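First up is the structure itself, then whatever we jot down about it.
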Amino acid sequence: MLQKPKGTYDAYGEKGRQILYLENLLHSLMEKYHYEYVRTPIFESSELFHRGVGETTDIVSKETYDFIDRGDRNMTLRPEGTAGVVRSYIENKMYGNPSQPVKTWYMGPMYRYERPQSGRFREFYQFGVEVFGTDNPMMDAEVISIPVNFYRLLGLKGIKVNINTLGDTESRTAYREALLEHFHPHLDELCEDCKTRYEKNPLRILDCKVDHELECMKTAPRILDYLNETSKTHFEEVKKYLDLLEIPYQVNPNVVRGLDYYTHTVFEVEASIEGFGSQNVLCAGGRYNHLVENIGGPSTPGVGFALGMERLLSALECEHITVGEDILNLYIIPVDESQISNAFALTQELRMNGFSVDMDYMGRNVKGNFKQADRFNASFVILLGEEEVKTNILTIKDNHTQEQYQVKKDELIAFLDAHIVEEHDE
Ligand code: HAM
């Protein structure tokens, strides 16, 4: 039997409904924040990710899905959304838009050739935002507030916000020097990856999953001691605005992030829920003030984040939060064969009046149809017989209270409007 590729999954039934519910909620949340939707290609030239995400990152050096297209171009399935949105921002000259900052959001599949495990897929879905054109720390706080408010809306309780700063170029250079000096006598103890990181991007040593128990990791210098005044002030302001928005956070100097483009604020929101797997980072992001320039655009500050849909679904499951319930307002039952066409026509008519309606397509008898209505948890059942069609008076049964109503056909919509709204309001 043909099977799906390793590290991918099919979403259908309940999971399909949950995903749609979450996507719709995110869509309406973004309207409230007044962000613009942006959609970019799933594949881009490989060079974009080398320049954007960074050559030394695991994502680019080990995990990309690369292919050569029929025109001999090097292409890569996007491993994340930021680089593509930045490319689009530059290519479409959004920096010339008079209404700055440009605030965007996106949603879609990303691809990383990682070792699949719980919470880690090779094809996974991200929702993310990218904001261009302002280095106002208020915007860093706003971006952090988006996932926090979204998780709050869903009722998730076990979330922890970790923030850190990587400072500006000057602070980072000073810190880099300090790290090189610190790790030099310990080079032999470090894993092979960290030896490369030492040469190319020593900050990322702090992020290593293999070496994190080493004594030299615990005694490593902290970025917070190397910040210049500008960087310190920016970080203080971000914290001030987070306090203002009543977003609890912890300053965690080990949050350095696995992508090369960050400057100043970085953050991760983790699930601290019992039984949640080791892949507990629900979302992550930060500021990237040089990325637009590195990809070939004018010097433009940026800040954003992305959240993983799969890990969110696991967190909801862990906290027993159900979303995206199946809603069926009406199930139409023809009493005998002669009424099937009438039932079919009524089904379409009620759908066009805004109700969710279903009927039988399998030749079930009345008893079988009542069972089916129960399986669907339909709110109302309409019984359609010769008598009903002749008199234009319909029999409607509340499937939950078993109460029956006789309703004139031309008063049906008003009846349903009143009763179904009532039910929703309960
Ligand atoms: P990231 O930390 O690589 O950042 O990914 C963000 C989120 O995507 C993670 O926190 C996680 O929830 C989810 N995720 C990542 N890899 C996987 C995977 N293999 N399987 C399932 N979920 C995964 C970025 O991608 C940056 N572009 C975020 C950003 C936007 N920074 C600024 N703007």
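The values are calculated or read from the model by the stated rules, or taken from the named source; none is laboratory data. Quick caveat: nothing in here was measured; it's all calculated off a predicted structure. Areas reflect the complete protein model, heavy atoms only, side chains present, ligands, DNA and RNA absent. Shrake-Rupley method; radii C 1.70, N 1.55, O 1.52, S 1.80 Å.
Which value, in Å³ per residue, describes the convex hull spanned by the Cα atoms of region 285-426? Mind showing how you got there, number by number?
Values: hull volume 30.6 nm³, N = 142.
Enclosed volume per residue, from the Cα hull, is 215 Å³.
For a bin width of 10 Å, list the pair-distance distribution of the chain built from all Cα-Cα distances, rounded to whole %.
All Cα pairs, binned at 10 Å, distribute as 4, 18, 24, 20, 13, 10, 7, 3, 1, 0 percent.
Relative contact order for the chain using alpha-carbon pairs under 8 Å, separation at least 6, rounded to a whole percent? List each step's numbers first, then the result.
On the way: 703 pairs, mean separation 67.7, N = 426.
The value is 16 percent.
Could you identify which residue out of 145, 231, 278 has the top mean-square fluctuation in a GNM of the chain using Cα springs shorter than 10 Å?
278
Number of Lys-Lys pairs in region 328-425 under 16 Å by Cα, sequence gap 8 or more or different chains?
Details: 367/397; 371/397; 390/408; 390/409; 397/408; 397/409.
Lysine pairs meeting the criterion: 6.
For residue 245, what residues show an amide H to amide H distance below 5 Å, using hydrogens built from the backbone and excluding near sequence neighbours?
Residues meeting the criterion, in which the H sits 1.01 Å from N, do not exist here.
What order do 264, 27 take when sorted by accessible area (1.4 Å probe), most exposed first? Intermediate results must be reported in sequence, preceding the final value.
Numbers: 264 15, 27 80 Å².
Sorted by accessible area, descending: 27, 264.
Using heavy-atom solvent-accessible surface (probe 1.4 Å) with all chains present, what is the largest-first order of 208, 318? Walk me through the intermediate numbers first.
Working: 208 10, 318 45 Å².
The most accessible residue leads, giving 318, 208.
Can you list residues whose amide H is under 5 Å from residue 167's amide H, if they're 5+ apart or on another chain and H is modeled 1.01 Å from N?
Here 264 satisfy the definition.
Take the Cα pairs of region 334-414, get the Kirkwood Rh, then feed it into Stokes-Einstein at 20 °C and 1.002 mPa s and tell me D in µm²/s.
Working: Rh = 13.0 Å.
D, rounded to a whole number, is 165 µm²/s.
Anything over 26 Å Cα to Cα? Flag those among 32/160; 6/157; 15/209; 4/195, in the order listed. Before the final figure, lay out each step's value.
Values: 32/160 24 Å; 6/157 32 Å; 15/209 31 Å; 4/195 37 Å.
Beyond 26 Å: 6/157; 15/209; 4/195.
Tell me the mean residue ellipticity at 222 nm calculated for the chain from its helices only (DSSP H runs of n ≥ 4, each -39500 (n - 2.57), averaged over every residue, nearest 500).
Working: 15 runs with 162 residues, N = 426.
The per-residue figure over the chain is -11500 deg cm²/dmol.
Straight-line reach from residue 218: which aspartates and glutamates fall under 13 Å, measuring Cα to Cα and dropping same-chain residues less than 8 apart?
Once the sequence-local aspartates and glutamates are set aside, what remains near residue 218 is 207.
Quick one: if you take sqrt(5λ) for each eigenvalue of the C-alpha gyration tensor of region 92-144, what semi-axes come out, biggest first, whole angstrom? Intermediate results must be reported in sequence, preceding the final value.
Numbers: eigenvalues 187, 41, 13 Å².
Listed largest to smallest, the semi-axes of region 92-144 are 31, 14, 8 Å.
Quick one: check the C-alpha center-to-center distance for region 32-63 versus region 199-268, whole angstrom.
22
Work out how far the C-alpha atoms of region 198-340 reach from end to end along every principal axis, then list the three figures in whole Å, largest first.
Sorted from largest, the Cα extents of region 198-340 read 82, 42, 35 Å.
Amide H of residue 384: which non-local residues (sequence gap of 5 or more, or other chain) have their own amide H closer than 5 Å, using H built in the peptide plane?
Those lying under 5 Å, H to H, from residue 384 are 333, 335.
Taking N as the number of residues in region 114-166, what is its alpha-carbon radius of gyration divided by 2.2 N^0.38 Å?
Details: Rg = 14.4 Å, N = 53, 2.2 N^0.38 = 9.9 Å.
Here the Cα radius of gyration is 1.45 times the empirical estimate.
Tell me the accessible surface of residue 257 in square angstrom (1.4 angstrom probe, heavy atoms of protein chains only), to the nearest ten.
30
If you build a Gaussian network model of the chain, linking Cα atoms that sit under 10 Å apart, which residue out of 44, 114, 215 swings the most?
215
Compare 393, 332 by solvent-accessible area with a 1.4 Å probe and give them largest first, with all protein chains kept in place. Don't skip to the end; give the middle numbers.
Numbers: 393 65, 332 0 Å².
Solvent-accessible surface, decreasing: 393, 332.
Determine the per residue accessible area of region 7-150 with all protein chains present and a 1.4 angstrom probe, expressed in square angstrom.
Details: 7030 Å² over 144 residues.
I get 49 Å² per residue for region 7-150.
Bin all alpha-carbon pair distances of region 329-372 at 5 Å intervals from 0 and give each bin's fraction as a whole percent.
P(r) over region 329-372, rounded to whole percents: 5, 25, 33, 22, 12, 2.
Using only the alpha carbon atoms of region 1-108, find the Kirkwood hydrodynamic radius as the inverse mean reciprocal pair distance, in angstroms to one decimal. Working shown, then result.
Details: mean 1/r = 0.0606 Å⁻¹.
Mean inverse Cα-Cα distance, inverted, gives 16.5 Å.
For region 361-403 and region 320-339, what is the separation of their Cα centres, given in Å?
10
Which aspartates and glutamates does residue 239 reach when only Cα atoms under 14 Å apart count, and residues fewer than 8 places away in its own chain are ignored?
140, 142
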